[in-house]
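Right, one structure below, let's go through it.
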């Protein structure tokens, strides 16, 4: 990835810098050059990005050979939400769940959804995401209104299993989940049925 991007300068820690020593001309240690970093400008740079400009590069799994970088523009990301506005609406009161790795495409929806609509992002640790019980508790505690997860997590044995096993009291604690976004696999028939006015997008 560093070679494809032709990186000229990398900000790293002492722990990770050695991995890039031969690939990048200049490496600045964020935990080793405090004096130098303190002299850097800390105000936001002017916004100069245009819709067609490159926003990020995400890599394929490499299942057919060498992983390939896919270039994604600012326009590609921002159109995600107007394209779904006929079925889903979002606002500043929403709390989104971040359950996917940053290197996975689904995380773009999770991260930029709240940022573009003035909402809040609840970043859930890996061990929480891997445990249906912990995920369920975190969703309730954080007041998540937009839950993003694969069908394996939602029903019927994952988080959905916890939801469907309980009745009125549990439904009341989950009343803030208004939208569920699911991808990566066919959704089980159990989830197609609306529950408490919750919108399901796949």
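The values are calculated or read from the model by the stated rules, or taken from the named source; none is laboratory data. Fair warning: this is a prediction, and the values are worked out from it, not measured in the lab. Here the Cβ positions follow ideal geometry from the backbone for every residue, glycine too, while neighbour counts run over all protein chains shown.
Below, the figures for the structure above:
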quantity	calculated
Test result for residue 81, assigned to a helix (DSSP H, G or I), in contact with a helix residue (DSSP H, G or I) (Cβ under 8 Å, 6 or more places away or on another chain) and modelled with pLDDT under 90	yes
Selected residue [touching a residue at least 60 places away in the same chain (Cβ under 8 Å) and either in contact with a helix residue (DSSP H, G or I) (Cβ under 8 Å, 6 or more places away or on another chain) or surrounded by 10 or more Cβ atoms within 10 Å (Cβ to Cβ) (or both)] from 105, 69	69
Segment 16-74: number of residues that are farther than 16 Å from residue 3 by Cβ and part of a helix (DSSP H, G or I)	9
Qualifying residue in segment 125-140 (condition: in a loop (DSSP other than H, G, I, E, B), within 27 Å of residue 56 (Cα to Cα), in contact with a strand residue (DSSP E or B) (Cβ under 7 Å, 6 or more places away or on another chain) and at pLDDT 85 or above)	no
